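Some notes on the structure that comes next.
The values are calculated or read from the model by the stated rules, or taken from the named source; none is laboratory data. Keep in mind that this is a model prediction, so the values were computed, not measured. Cβ atoms come from the backbone with ideal geometry, glycine included; neighbour counts cover every protein chain shown.
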Amino acid sequence: NYWNGRRHAMRSLGSSGIWELFIPGVGAGEVYKFEIMTQAGNWIMKADPMERSHELPPNTGSVVVDSEFKWHDSEWLEHRAKTNAHDGPVSIYEVQANSWNRDYDNYRELADHLVDYVQQEGFTHVEFMPLTQYPFSGSWGYQVTGYYAVDSRLGSPDDFKYLVNKLHKAGIGVIMDWVPAHFPKDDFALGRFDGTALYEDPDPLRGEHPDWGTYIFNFGRHEVRNFLVANACFWLSEYHVDALRVDAVSSMLYLDYSREAGQWRPNMYGGRENLEAIDFIKEANATAYKNNPGIMMIAEESTAYQGVTAPTDMGGLGFGLKWNMGWMHDTLQYLKEEPINRRWHHNEITFSMVYAYSEHYVLPLSHDEVVYGKGSLLGKMPGDEWQQFAGLRALLAYQWSHPGKNLLFMGGEIGQSCEWNFNNSLNWHELQWPFHQGVQKLVADLNALYKSSRAFWSQDFTPDGFQWLTSDDSDHNTLSYIRIGDNGEEIVVVVNFSG
């Protein structure tokens, strides 16, 4: 209609709030938008909140797609439905798809190289940073405008299905980051969708995030909750994704998150908990697990909120796993110290076992630890080159042997010397040097040992799977313990952090 919205007016279905329109002859590849008259009488153009594809940024139109993809992962899905992934080996390779290797700039090329590499390194899962549509590349996908659309920078929905299918056929699970906590204010997207606060909370003390400059969803509105719960199930069913890692859960749980006194409004009981968001999280988790047997829901939650991985019928949030940010922080703080000084910080490396079974944990060495001037994992280690690589190898072996599932961000497995830069590929050229080759081989060996030894994963969430041998040898910076499998297998672990 040459962008003349008057030619195809939509019909209101009354008080339901639903509008409908049928236009014959619209084919795949057609670009469209909604034109909306606000209550103030202004016309605005919006992308479809339910779009399946989107124009390449900076263009802002929705794109009609017609999927012709044929899945070949039925064996994977059948096996997944019969197993409890939380009780199995989980070793996650976290990937930002655009910058893993910029020679492979679409989902299909990525599939043809990433799958072989992940198999070589022995990871059980790949976790993709958000692959939903987002306008600002510098957000790395965490400011979503198209919740039902695959990021068009890397290809079509069928191209992404090809990637997932190929990972499944190789025996590798797929995790995707999901961002229901907030969304950006871009004027073509969800913000002020009909000229009013439709998706976001109308109260600025609850509807805007002060740190990120984004809107916060109105979790108390049924239509918004349905939009988000359905979205979680959409990625799990339509794209056969095996797990969702829910971003920024802490910001959802607390009304005073990143706010000073007077900048937040208490809940109906006078507390700081966001009751509507908590109910939404429980509903999303319960619905996802009910409708998609064998999947995992994973929380990035950095506070001491109780029951994150407890079942919803026991008052918990219903996640299957939670990132252990405390383990990550304490471990890296300890290893930043010169070995001669570590004796004074020994509690930092042992404290994680005090609360190791309070939740079902993932031990994350994620992208957050290698950006914004924090340096690479290798760069956090003190000493000369030999000492730095020795420290990194000790860190990785300690991580793999500690109770909990494992996550390592791309680049960590090759001992990349500089921090991650979204605009560049990983420093693959560094693999010409033996120290970097050694780290890569170590990670492959750790994964092989981990997957083949039930002692390392079958009792991650119970004290029966761990026994200290030596926890107090601070003078020598050493730890020793036994990992115990549900089959009686025992493996003695000795960690030497003396440099």
Q) Exactly one of (1) part of a helix (DSSP H, G or I); (2) in contact with a helix residue (DSSP H, G or I) (Cβ under 7 Å, 6 or more places away or on another chain); (3) under 27 Å from Pro130 (Cβ atoms) is unmet by Glu419. Its number? A) (1)
Q. If Gln437 passes every condition in (1) more than 30 Å from Gly485 (Cα to Cα); (2) in contact with a helix residue (DSSP H, G or I) (Cβ under 7 Å, 6 or more places away or on another chain); (3) outside any helix (DSSP H, G or I) but one, which one does it miss?
A. (3)
(Q) Could you check the range 282-301 and list, in sequence order, the residues that are small (Gly, Ala, Ser) and surrounded by fewer than 18 Cβ atoms within 10 Å (Cβ to Cβ)? (A) Ala286
**Q.** Residue count for the range 134-166, restricted to those that are under 22 Å from Met410 (Cβ atoms) and either among the acidic types (Asp, Glu) or outside any helix (DSSP H, G or I) (or both)
**A.** 11
**Q.** Residue that is surrounded by the fewest Cβ atoms within 10 Å (Cβ to Cβ) [pool: residues in the range 10-61 that are of a type in the set (Val, Ile, Thr) and either assigned by TED's automatic domain parsing to the domain that holds Gly155 or touching a residue at least 60 places away in the same chain (Cβ under 8 Å) (or both)]
**A.** Thr38
Q. So which of Gly61, Gly5 ends up being at pLDDT below 95, under 26 Å from Tyr134 (Cα atoms) and small (Gly, Ala, Ser)?
A. Gly5
Q) Given (1) at pLDDT 95 or above; (2) surrounded by fewer than 23 Cβ atoms within 10 Å (Cβ to Cβ); (3) more than 25 Å from Lys282 (Cα to Cα), where does Val164 come up short, assuming only one miss? A) (2)
Q) Is there a residue in the range 403-411 that is part of a loop (DSSP other than H, G, I, E, B), surrounded by fewer than 23 Cβ atoms within 10 Å (Cβ to Cβ) and of a type outside the set (Gly, Ala, Ser)? A) no
Q | the range 314-370, residues that are out of contact with any His (no Cβ under 9 Å at 6 or more places or on another chain), surrounded by 17 or more Cβ atoms within 10 Å (Cβ to Cβ) and of a type in the set (A, V, I, L, M) | A | Leu317, Met325, Met328, Leu332, Leu335, Ile349, Val362, Leu365, Val370
Q: Please identify the pairs in which a residue from the range 403-426 that is free of Cβ contacts under 8 Å to residues at least 60 places away in the same chain has its Cβ atom under 7 Å from the Cβ atom of a residue that is among the basic types (Lys, Arg), counting only partners at least 6 apart or on another chain.
A: Glu419/Lys374
Q: Being in a loop (DSSP other than H, G, I, E, B), touching a residue at least 40 places away in the same chain (Cβ under 8 Å) and either of a type in the set (Gly, Ala, Ser) or crowded, with 21+ Cβ neighbours inside 10 Å (or both) narrows it down to one of Phe188, Phe219, so name that one.
A: Phe219
Q.
Among the residues in the range 201-208, are any in contact with a Lys or Arg (Cβ under 8 Å, 6 or more places away or on another chain) and in a strand (DSSP E or B)?
A. no
Q. Among (1) closer than 28 Å to Ile18 by Cβ; (2) crowded, with 20+ Cβ neighbours inside 10 Å, which single condition is Phe234 missing?
A. (2)
Q) Do you know which of the residues in the range 112-133 that are aromatic (Phe, Trp, Tyr) and without any contact (Cβ under 8 Å) to a residue 60 or more places away in the chain is farthest from Ala248 (Cα to Cα)? A) Tyr117
Q: Test Glu430 against the criterion of being surrounded by 19 or more Cβ atoms within 10 Å (Cβ to Cβ), outside any strand (DSSP E or B) and in contact with a Gly (Cβ under 8 Å, 6 or more places away or on another chain), and give yes or no.
A: yes
Q. Which of the residues that make up the range 1-23 are acidic (Asp, Glu) and touching a Ser or Thr at 6+ places or on another chain (Cβ under 7 Å)?
A. none
Q.
Kindly evaluate Glu301 against the criterion of being within 18 Å of the chain's Cα centre (by Cα), among the acidic types (Asp, Glu) and not in a strand (DSSP E or B).
A. yes
Q) Within the range 446-498, how many residues turn out to be surrounded by 13 or more Cβ atoms within 10 Å (Cβ to Cβ), among the charged types (D, E, K, R) and not in a strand (DSSP E or B)? A) 6
(Q) Criterion first (buried (at least 23 other Cβ atoms within 10 Å of the Cβ) and part of a helix (DSSP H, G or I)) does Leu442 satisfy it? (A) no
Q. Restricting the search to the range 193-206, which residues are buried (at least 17 other Cβ atoms within 10 Å of the Cβ) and of a type outside the set (D, E, K, R)?
A. Phe193, Ala197, Leu198, Tyr199
(Q) If I ask for residues that are surrounded by fewer than 23 Cβ atoms within 10 Å (Cβ to Cβ) and within 30 Å of Asn447 (Cα to Cα), which ones from the range 145-160 would you list? (A) Leu154, Asp159
